[in-house]
Amino acid sequence: MQADFYDVRRCEIENRAFAIEDKKIEHVSSSLDHFTVVRAFLDGGWGIVSSNSDPDEEAVLKDAIKLAKLSSKRSKKIYLKRYEIKDFKQKIEGRLLREEDELSILREIEESAKIDERIKNTKVSFSSSRMKVLYKNDHHEEFYDLCRSGYSISAIAKEDGEMQYGAEREYGIEGSDIIEGDRPHILAKKAADTSIKLLKASYPPSGKKRVILDQELGGVFIHEAVGHATEADIVLAGDSILEGKIGEKIGSEMINVYDDPTMMEYGYYPFDDEGIIPKRRALIEDGVLKGYLHNRETASVLNKEPGNGRADGDEVPIPRMSNTFIGDGDMKFEELLELVSDGVYLCGSRGGEVSTAEGLFHFNAKKGYIIRKGEIGGMVKDVSLSGNTLETLKTIVGVGNDLKINGGHCGKEGQTVPVGSGSPHLVISSCLIGGE
Amino acid sequence: MEGVAKSSSRGFGIRVNYGGNFGFASTDDEKDLEKRIDAAKKNAKLKGRDEDWKGFVGAEEDKDKRREKVEGIYDHHIVDLNGEEMIEFVESLMEGIKSVNGTLPIGGEVSTVREQFRIINTNGIEEEEKRTMIYGSAEASFRNDCKSSICKLKNQRFLNDGMNSAYDFAISRALDIDFEEIGRNAANLAKNSSKGKKIRSGRYDLVLSPLAASELFDNIFVHAINGEEVMKGRSKFSNLGEEVGNAGLTILDDGLFKGGCGSTPFDDEGFPSGKNYILDEGILKNFIYDSYTAGKEGKKSTGNAVRADYSSFPEIDVRNLIVSHNEVGDPIEEMRDGILINSFIGAHTSNEITGDFSLEGKNAFKVERGEIKYPIKSLMVYGNFFDLLKAIVIAGRDIKMVYDIVTPSILVEDQRVI
């Protein structure tokens with residue numbers, strides 16, 4: 001029995017992680033893992049076998065074909081398209097320092113967060129993951145070697161029985177370089193400063209408000225509320241509000257949204273986990289929905305191009321985002337403030353969730369500021385925003401010219417992958433804010 | 001049918017007691033063990049001496065505590081399942097969805113796990129156990145297409161609450177899951193949620209389904225009872241003996257719970273599992289500890305060192321957190337004017353330190369005089385978990401195991417809804 005298509009992915013992953021809390025090294029660990037995953041496609045069904053004990057490839061392929069045969073009995077008979085790719089090899093230099101040196105830099109960064117006696121607890125952590133990926137199928141072979149790393153800093157401030165938390169983090173593909181220079185120290189001070197200012201912050205007014213989202217929160221919005229709804233597997237499952245809307249105007253004309261795996265940000269990859277060399281994709285242009293994100297299977301079904309098939313470890317590659325962002329507009333931040341006049345400025349994200357079928361989203365900001373007469377006023381805490389994705393896209397009335405992409409991790413179906421998401425500052429004319 | 005997958009992995013997590021601290025490293029290659037032990041030593045050395053580190057769990061110190069067997073965590077029927085039978089389970093999920101008119105499947109999954117683990121240390125600990133697990137989930141959608149020309153003209157099909165989705169799942173360590181019921185539940189919930197109405201802001205009594213309740217316990221309570229967080233002042237809780245919950249509320253962490261997701265005779269450091277009352281009729285009785293944090297506090301481990309897999313470091317976590325209440329009844333019947341919430345969107349955005357949360361409810365229904373009246377289109381619950389603990393007055397009989405949290409639905413009085 002022969003497969004219609006098969007591929008083999010071998011990975012070797014070397015992780016290390018450190019955490020320093022209140023000057024004490026709390027955590028040091030290192031791991032070395034590898035796995036092989038073989039997929040076979042036959043008559044519309046997939047069979048997938050993975051193992052971390054150097055299996056005999058041919059035997060595993062036979063096993064995978066058997067499973068594919070089993071699943072094909074109930075599958076729709078779809079045809080998997082072929083994509084011609086040349087052999088490919090890339091090594092991205094992400095330099096890693098010696099552990100001792102990384103630790104001493106991290107100690108200095110933690111020190112920068114201790115700006116005040118009200119700061120009662122500080123923590124800095126760093127992790128790096130070096131991945132060597134070998135991909136092959138019946139007609140070509142590809143390889144890359146990439147080091148992703150990141151750090152986070154958190155500070156807890158206490159005063160008069162009140163306790164508040166500030167945190168900043170950064171992820172990239174530059175190895176240990178990410179913790180060098182002034183930037184981590186600036187972020188450490190920022191995290192600490194936020195925790196102290198939140199002690200005296202008030203609750204925001206609740207109800208429908210005119211708001212500005214900063215680049216981080218704007219990025220989370222576009223990733224969660226729009227990006228996920230453009231993943232073609234979600235669309236095909238009937239779970240997306242964007243189903244059947246390609247070519248339709250779904251948002252303000254100021255809105256352009258792209259997904260770009262070729263940008264050297266945290267969501268970068270030279271080829272996806274199905275061996276496809278990716279391209280930048282326009283998701284929304286001038287408010288019109290342009291396309292979805294595909295892996296080989298959804299691209300075959302909808303006759304589009306793949307390049308966003310990503311997997312967490314030995315899991316199955318599914319359509320995922322890479323670096324997803326709203327493109328720059330032409331307004332300065334001051335102009336956006338004037339446009340809002342009276343409202344709330346929401347900064348950072350403490351997490352969020354969406355329901356792609358109903359198009360509902362909910363995010364919590366790290367902090368916010370009251371805007372009065374176009375001027376930034378006092379800080380507000382525990383502020384959340386929620387709404388309907390399509391309504392919100394239509395009510396974006398201002399787009400800044402200061403795009404910034406932040407690294408982070410995205411979870412879907414139990415799989416976590418590194419991504420970048422970003423936006424310039426955005427003005428939404430009406431958004432539901434949760435507060436006191 | 002999308003595919004059938006199987007995966008196998010094994011590996012070694014190594015901790016060494018070296019130079020006055022412990023170091024951790026892991027590998028999946030047995031040939032590599034010696035080198036990785038050196039890496040663990042290096043990691044211990046990098047950390048430097050730690051006066052609070054009292055060494056590994058010993059077999060001697062817990063001689064009085066007999067290692068008990070846990071029932072119901074291994075079922076050979078799960079191991080014996082073949083691919084064909086697994087596919088039949090997935091078909092049962094789909095049949096369950098199709099049995100509800102007008103609903104469509106978004107997806108469904110059935111998976112099984114067989115795991116075997118072994119803990120050995122130089123203090124004489126030598127433990128071994130195996131477990132099985134089966135999991136099934138289904139997600140369904142219901143489309144309430146607006147066919148009027150005005151709707152089409154305005155292109156408001158989706159804005160008009162055109163589609164609703166819902167999800168249900170079950171997890172067990174024995175082959176006792178009714179897959180068709182999972183599909184039917186998800187489909188019914190999606191269908192019943194359509195044509196939701198808005199409700200007025202105000203204070204309402206809430207019934208939280210086991211899933212919604214578990215989301216709050218998982219994201220806030222588990223953090224608050226973690227001995228390390230308490231010690232570092234990052235928990236709302238500090239003093240044992242305080243009344244922190246409703247006088248009828250008892251919360252037990254039980255590593256020996258029959259068939260529990262987190263059940264094993266010993267924890268991931270080899271410490272014997274047992275019952276640990278966290279809340280007894282509203283009174284805070286204990287926190288949860290691993291051996292390191294317990295040693296630092298001059299206490300004994302509570303058997304709460306948990307590893308996600310061999311490559312992760314043991315960390316403090318609940319085993320099976322079991323929520324119960326002296327008042328048991330049907331919480332919906334007891335409610336005069338309130339809201340039933342099936343799950344929350346974004347429970348992980350809650351503030352685990354202060355307990356504040358503002359969360360969108362999903363698949364929520366208005367309840368009047370003990371009866372479900374209509375679905376609610378969109379609502380946000382704005383509250384504080386620690387206040388909510390005091391307001392839990394009745395528990396249902398619909399106990400569900402949501403991974404390591406086991407809870408019935410609960411009736412919570414007087415919460416703020418926007």
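The values are calculated or read from the model by the stated rules, or taken from the named source; none is laboratory data. Just so it is clear, the model here is predicted, and its values are computed rather than measured. FYI the Cβ positions are ideal-geometry reconstructions off the backbone, even for glycines, and counts take in every protein chain you see.
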Could you tell me whether region A:353-365 includes any residue that is within 11 Å of chain B (Cβ to nearest Cβ), in contact with a Cys (Cβ under 8 Å, 6 or more places away or on another chain) and either buried (at least 24 other Cβ atoms within 10 Å of the Cβ) or closer than 16 Å to B:LYS362 by Cα (or both)? yes
Among strands (runs of 3 or more DSSP E) completely within region B:179-286, the ones holding 3 or more residues that are out of contact with any Asp or Glu (no Cβ under 8 Å at 6 or more places or on another chain) and closer than 30 Å to B:GLU128 by Cβ are B:249-254
Here are B:ILE14, B:ILE73: which of them is closer than 30 Å to B:GLU109 by Cα, crowded, with 17+ Cβ neighbours inside 10 Å and more than 7 Å from chain A (Cβ to nearest Cβ)? B:ILE73
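Here is a yes/no grid of residues against (1) out of contact with any Ser or Thr (no Cβ under 6 Å at 6 or more places or on another chain); (2) closer than 30 Å to A:ILE119 by Cα; (3) within 9 Å of another protein chain (Cβ to nearest Cβ):
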position	(1), (2), (3)
A:VAL28	yes, yes, yes
A:SER31	no, no, yes
A:LEU67	yes, no, yes
A:SER72	yes, no, yes
A:ARG82	yes, no, no
A:GLU93	yes, no, no
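Residues B:ASP176, B:ASP145: which one is part of a loop (DSSP other than H, G, I, E, B), among the acidic types (Asp, Glu), at pLDDT 95 or above and out of contact with any Leu (no Cβ under 6 Å at 6 or more places or on another chain)? Show your work before the answer.
Details: B:ASP145 fails: at pLDDT 95 or above.
When all the criteria are applied, what remains is B:ASP176.
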May I ask you to say which residue of A:TYR268, A:TYR292 is under 18 Å from the mean Cα position of the chain (by Cα), modelled with pLDDT of 95 or more and under 24 Å from A:LYS86 (Cα atoms)? A:TYR268
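Out of the residues in region B:267-280 meeting the condition of being touching a Lys or Arg at 6+ places or on another chain (Cβ under 9 Å) and more than 18 Å from B:PHE12 (Cα to Cα), tell me which one is surrounded by the fewest Cβ atoms within 10 Å (Cβ to Cβ).
Going through region B:267-280, the residues touching a Lys or Arg at 6+ places or on another chain (Cβ under 9 Å) turn out to be B:267-269, B:271-274, B:276-279.
Next, from what is left, pick out any that are more than 18 Å from B:PHE12 (Cα to Cα): B:271-274, B:276-279.
Working: B:PHE271: 30, B:PRO272: 19, B:SER273: 26, B:GLY274: 18, B:ASN276: 22, B:TYR277: 16, B:ILE278: 25, B:LEU279: 23.
Only one residue fits best here, namely B:TYR277.
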Tally, over region A:200-253, of residues that are more than 14 Å from every other protein chain (Cβ to nearest Cβ), acidic (Asp, Glu) and farther than 30 Å from A:THR416 by Cβ: 1
Residues in region A:33-52 that are more than 7 Å from every other protein chain (Cβ to nearest Cβ) and either surrounded by fewer than 17 Cβ atoms within 10 Å (Cβ to Cβ) or hydroxyl-bearing (Ser, Thr, Tyr) (or both) total 2
Within region A:297-326, take every residue that is assigned to a helix (DSSP H, G or I) and away from every other protein chain (no Cβ under 12 Å) and give me the one that is surrounded by the fewest Cβ atoms within 10 Å (Cβ to Cβ). A:LEU302
Pairs, please: C-beta under 8 Å, at least 6 apart or cross-chain, first residue not assigned by TED's automatic domain parsing to the domain that holds A:GLY387 and in region A:229-256, second of a type in the set (Val, Ile, Thr)? none
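Does B:VAL79 count as touching a residue at least 24 places away in the same chain (Cβ under 8 Å), within 9 Å of another protein chain (Cβ to nearest Cβ), under 29 Å from B:GLY260 (Cβ atoms) and of a type outside the set (Gly, Ala, Ser)?
no
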Members of region A:246-265 that are more than 17 Å from the chain's Cα centre (by Cα) and surrounded by fewer than 20 Cβ atoms within 10 Å (Cβ to Cβ): A:ILE246, A:GLY247, A:GLU248, A:LYS249, A:GLU253, A:MET254
Report yes if some residue within region A:352-367 is without any contact (Cβ under 8 Å) to a residue 40 or more places away in the chain and assigned to a loop (DSSP other than H, G, I, E, B); otherwise report no. no
Among the residues in region B:320-332, are any touching a residue at least 12 places away in the same chain (Cβ under 8 Å), part of a loop (DSSP other than H, G, I, E, B) and within 19 Å of B:ILE119 (Cβ to Cβ)? no
Selection status of B:ASN164, at pLDDT below 95 and either in contact with a strand residue (DSSP E or B) (Cβ under 9 Å, 6 or more places away or on another chain) or not assigned by TED's automatic domain parsing to the domain that holds B:VAL412 (or both): yes
Would you say A:ALA282 is surrounded by fewer than 22 Cβ atoms within 10 Å (Cβ to Cβ) and either away from chain B (no Cβ under 14 Å) or closer than 22 Å to A:ASP87 by Cα (or both)? yes
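So, restricting to strands (runs of 3 or more DSSP E) that lie completely within region B:1-96, which ones have at least 3 residues that are more than 24 Å from B:PHE266 (Cα to Cα), polar (S, T, N, Q) and within 30 Å of the chain's Cα centre (by Cα)?
Where strands (runs of 3 or more DSSP E) fall fully within region B:1-96, none carries at least 3 residues being more than 24 Å from B:PHE266 (Cα to Cα), polar (S, T, N, Q) and within 30 Å of the chain's Cα centre (by Cα).
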A:SER53 being free of Cβ contacts under 8 Å to residues at least 12 places away in the same chain and either part of a strand (DSSP E or B) or within 31 Å of the chain's Cα centre (by Cα) (or both): yes
Region A:122-229: strands (runs of 3 or more DSSP E) wholly inside it with 1 or more residues that are more than 30 Å from A:THR395 (Cβ to Cβ) are A:141-159, A:162-172
Could you identify the single residue in A:LEU61, A:LEU80, A:LEU70 that is aliphatic (A, V, I, L, M), part of a loop (DSSP other than H, G, I, E, B), in the same structural domain as A:GLU174 (by TED's automatic domain parsing) and surrounded by 13 or more Cβ atoms within 10 Å (Cβ to Cβ)? A:LEU80
If you scan region B:37-51, which residues turn out to be hydrophobic (A, V, I, L, M, F, W, C) and touching a Phe, Trp or Tyr at 6+ places or on another chain (Cβ under 7 Å)? B:ALA40, B:ALA44
Kindly indicate which of B:GLY58, B:GLY48 is surrounded by fewer than 18 Cβ atoms within 10 Å (Cβ to Cβ) and either more than 7 Å from every other protein chain (Cβ to nearest Cβ) or under 30 Å from A:SER75 (Cα atoms) (or both). B:GLY58
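Report yes if A:ASN121 is of a type in the set (S, T, N, Q) and under 30 Å from A:GLU84 (Cα atoms), otherwise no.
Considered against the rule, which asks whether it is of a type in the set (S, T, N, Q) and under 30 Å from A:GLU84 (Cα atoms), A:ASN121 comes out as no.
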Just give me the residues in region B:93-127 being in contact with a Pro (Cβ under 6 Å, 6 or more places away or on another chain) and among the aromatic types (Phe, Trp, Tyr), in sequence order. none
Of the criteria (1) away from chain A (no Cβ under 14 Å); (2) hydrophobic (A, V, I, L, M, F, W, C); (3) out of contact with any Gly (no Cβ under 9 Å at 6 or more places or on another chain), which one B:VAL244 fails: (3)
Go through region B:403-414 and report how many residues are surrounded by fewer than 21 Cβ atoms within 10 Å (Cβ to Cβ) and not in a loop (DSSP other than H, G, I, E, B). 2
